[in-house]
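Engineer: Just passing along the structure, written as structure tokens.
The values are calculated or read from the model by the stated rules, or taken from the named source; none is laboratory data. Just so we're clear, the structure is a prediction, and the values are computed from it rather than from any experiment. As a convention, Cβ positions derive from the backbone with ideal geometry for all residues, glycine included, and neighbour counts pool all protein chains shown. Please note that ligands, DNA and RNA were not included when accessible areas were found on the heavy atoms of the full protein model with its side chains. Shrake-Rupley method; radii C 1.70, N 1.55, O 1.52, S 1.80 Å.
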Amino acid sequence: MEVITLNEEHFNKKCIELIEKIDFNPDMVIGILQGGGIMLDSIKASKKTEANVFGFVKLKKANTSKKNKRLFVPLLKMLPYSILNKLRHIESNKVKKSIQSLDFNNLAKQDIDLNFPQLEEVKSILIIDDAIDSGKTMFVVNENIKRRFPKAKIKIAVISWTLNESIIKPDFYLYKNILVRFPWSLDFKN
């Protein structure tokens with residue numbers, strides 16, 4: 001699987017490219033932090049959508065604690081991209097294997113804090129994020145949004161859909177079966 005690196009300038013261009021690809025005009029756009037939050041800013045600036053409500057959600061992931069980052073990031077910054085790319089392949093293979101053991105019932109019940117007002121008239125929602133790997137995060141967010149807005153049509157947009165086996169599929173994406181290193185990735189180097 002190919003690994004590509006997007007610096008901030010390239011990422012912004014890819015956000016615009018993705019926005020242009022979306023043939024859906026939602027009432028509400030929700031970004032999943034961190035990458036989806038940055039994409040949310042690009043969508044607002046593009047004025048392509050007539051959405052008047054923008055919100056975000058954040059899920060805490062256990063493997064990205066501050067302590068781990070403090071110890072691990074300096075080491076990553078010293079390694080060449082050729083080794084970092086191999087580490088990404090190893091991580092992607094682990095994620096792929098973990099998909100089979102996901103408990104959909106527990107994931108569907110997981111609650112998250114939705115940082116936007118309760119609205120009655122939302123008919124269409126676009127959820128955005130930088131990437132879908134296993135799909136676990138997007139699945140949890142999607143299930144929460146469906147519970148909160150049961151009548152709304154929901155679509156998903158990401159820059160990268162990493163694995164065919166993901167538990168949720170995006171409606172719009174730029175890259176498929178490609179690992180993308182974003183400017184906020186722990187292994188990104190200036």
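Engineer: Using alpha carbons only, how many degrees (0 to 90, rounded to 10) separate the axis of helix 8-21 from the longest principal axis of the chain?
Structural biologist: The two axes meet at around 40 degrees.
Engineer: Now for a different question. Can you tell me the orientation of helix 66-78 relative to the chain, as the angle in degrees between its alpha-carbon axis and the longest Cα principal axis, to the nearest 10?
Structural biologist: Orientation of helix 66-78: about 50 degrees from the principal axis.
Engineer: Here's something else I'd like to know. In degrees, nearest 10, range 0 to 90: what is the angle between the Cα axis of helix 136-148 and the longest Cα principal axis of the chain?
Structural biologist: For 136-148 against the chain, the angle is about 10 degrees.
Engineer: Separate question: Let me have the 222 nm mean residue ellipticity of the chain computed from DSSP H runs of 4+ only, each contributing -39500 (n - 2.57), with the sum over all residues rounded to the nearest 500. All intermediate terms of the calculation are to be shown ahead of the outcome.
Structural biologist: Values: 6 runs with 76 residues, N = 190.
That comes out to -12500 deg cm²/dmol.
Engineer: Which aspartates and glutamates have a Cα less than 19 Å from the Cα of Lys153, not counting those fewer than 8 places away in the same chain?
Structural biologist: Asp23, Asp27, Glu50, Glu120, Glu121, Asp129, Glu143, Asp171
Engineer: Just name one of Ile4, Met78, Val158: the one whose Cα is farthest towards the positive end of the charge dipole of the chain (beta-carbon charges, Lys/Arg +1, Asp/Glu -1).
Structural biologist: Positive-end residue among those listed: Met78.
Engineer: Using a 1.4 Å probe, what is the accessible area per residue for the chain, in Å²?
Structural biologist: Numbers: 10870 Å² over 190 residues.
With all protein chains present, the chain gives 57 Å² per residue.
Engineer: Would you please state which residues of region 129-145 a label at Trp184 would reach in this model, taking the label point 7 Å out along Cα→Cβ and a backbone N cut-off of under 19 Å?
Structural biologist: In region 129-145, the label zone of Trp184 (backbone N under 19 Å from the point 7 Å along Cα→Cβ) covers 129-142.
Engineer: Moving on. Quick one: what does P(r) look like for the chain with 10 Å bins over all Cα pairs, in whole %?
Structural biologist: Cα pair-distance distribution for the chain, in percent: 9, 35, 37, 16, 2, 0.
Engineer: Could you tell me what percent of the accessible area of the chain is made up of carbon and sulfur, with a 1.4 Å probe and every protein chain present?
Structural biologist: Values: 5600 of 10870 Å².
After summing per-atom areas, the C and S share lands at 52 percent.
Engineer: What does the highest-first list of 27-36, 175-184, 86-95 look like by mean Cβ count within 10 Å? Write down the numbers at each step before the final one.
Structural biologist: Working: 27-36: 22.6, 175-184: 17.4, 86-95: 13.8.
Taking the mean over residues of other Cβ atoms within 10 Å, the ranking is 27-36, 175-184, 86-95.
Engineer: Say the cut-off is 20 Å between C-alpha atoms; which of Lys146/Lys169; Lys109/Lys146; Lys97/Lys189; Lys48/Lys123 go over it?
Structural biologist: From Lys146/Lys169; Lys109/Lys146; Lys97/Lys189; Lys48/Lys123, over 20 Å: Lys97/Lys189.
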